[in-house]
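> What follows is a structure written as structure tokens; I'll ask about it next.
The values are calculated or read from the model by the stated rules, or taken from the named source; none is laboratory data. Note that the coordinates shown come from a computational prediction; the quantities given were computed from them, not determined experimentally. Every residue, glycine as well, gets a Cβ built from its backbone with ideal geometry; the counts of neighbours run over all protein chains shown.
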């Protein structure tokens with residue numbers, strides 16, 4: 001999927017949260033073209049990045065883009081849906097940030113998207129299920145078990161149907177995080193939800 005300005009805010013917010021960490025481990029869930037993983041690798045020169053995607057084609061495009069940008073040696077790639085590729089890697093409790101721009105458009109809203117989006121972007125990169133929260137729920141439910149205490153969950157959300165507030169409520173319901181914050185994009189819309197993993201290890205899910 002073609003990166004858009006709101007995704008810049010996701011990257012900027014993630015970089016701000018990680019800037020003081022010496023060698024952060026960052027997971028980009030649903031990397032697509034690799035834009036987020038590549039931007040984080042470039043802006044955080046000591047970061048180690050793991051990028052996942054369910055599509056082998058997307059991962060191949062992302063690899064090539066990372067090579068062009070000179071950061072391929074600092075990004076690892078894993079195929080699978082959501083957080084599934086992390087399970088066998090032995091990184092539980094060691095990740096500094098889980099960052100994701102997942103599919104978040106409600107299925108019924110896709111026909112109303114601008115033509116250049118609905119006709120040229122992969123449906124798998126757009127369709128977030130009936131309420132737009134299908135993938136977001138999965139990421140929220142699993143992120144705490146991978147994040148280190150003080151680790152950051154950063155999620156891009158839709159500027160519709162109060163989705164940012166809904167995602168913040170999901171995070172609060174799962175537990176294990178401090179109260180989430182919401183970041184606006186440059187158009188003043190709520191587009192990024194950030195939450196910090198509590199240090200006491202208490203979470204459900």
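> Just a yes or no: is a residue in the range 101-123 modelled with pLDDT of 85 or more and either buried (at least 19 other Cβ atoms within 10 Å of the Cβ) or within 17 Å of the chain's Cα centre (by Cα) (or both)?
Going through the range 101-123, the residues modelled with pLDDT of 85 or more turn out to be 101-102.
Next cut, either buried (at least 19 other Cβ atoms within 10 Å of the Cβ) or within 17 Å of the chain's Cα centre (by Cα) (or both) only: 101-102.
Among the residues of the range 101-123, at least one is modelled with pLDDT of 85 or more and either buried (at least 19 other Cβ atoms within 10 Å of the Cβ) or within 17 Å of the chain's Cα centre (by Cα) (or both), which makes the answer yes.
> Looking for whichever is out of contact with any strand residue (DSSP E or B) (no Cβ under 8 Å at 6 or more places or on another chain), farther than 22 Å from residue 35 by Cα and either modelled with pLDDT of 85 or more or assigned to a helix (DSSP H, G or I) (or both) here; the options are 150, 173, 129. Which one fits? Lay out the reasoning, then the answer.
Details: 150 fails: out of contact with any strand residue (DSSP E or B) (no Cβ under 8 Å at 6 or more places or on another chain); 129 fails: either modelled with pLDDT of 85 or more or assigned to a helix (DSSP H, G or I) (or both).
When all the criteria are applied, what remains is 173.
> Kindly evaluate residue 74 against the criterion of being modelled with pLDDT of 95 or more and surrounded by fewer than 14 Cβ atoms within 10 Å (Cβ to Cβ).
Details: modelled with pLDDT of 95 or more: yes; surrounded by fewer than 14 Cβ atoms within 10 Å (Cβ to Cβ): no.
Taking the combined requirement at face value, the residue does not satisfy it.
> What residue, of 40, 59, 10, is in contact (Cβ under 8 Å) with a residue 24 or more places away in the chain, part of a helix (DSSP H, G or I) and out of contact with any helix residue (DSSP H, G or I) (no Cβ under 8 Å at 6 or more places or on another chain)?
Numbers: 40 fails: out of contact with any helix residue (DSSP H, G or I) (no Cβ under 8 Å at 6 or more places or on another chain); 10 fails: out of contact with any helix residue (DSSP H, G or I) (no Cβ under 8 Å at 6 or more places or on another chain).
One residue alone meets the criteria, 59.
> Would you check if there is a residue in the range 67-75 being under 12 Å from the mean Cα position of the chain (by Cα) and touching a residue at least 24 places away in the same chain (Cβ under 8 Å)? Before the answer, list the steps.
Here is the first cut: in the range 67-75, the ones under 12 Å from the mean Cα position of the chain (by Cα) are none.
No, every residue in the range 67-75 fails to be under 12 Å from the mean Cα position of the chain (by Cα) and touching a residue at least 24 places away in the same chain (Cβ under 8 Å).
> I would also like to ask the following. Taking the range 153-162 on its own, how many of its residues are at pLDDT below 95 and under 20 Å from residue 12 (Cα atoms)? Break it down into steps so the answer makes sense when it comes.
Restricting attention to the range 153-162, the residues satisfying the condition of being at pLDDT below 95 are 156-162.
Remaining after also requiring under 20 Å from residue 12 (Cα atoms): 156-159.
Total meeting the criteria: 4.
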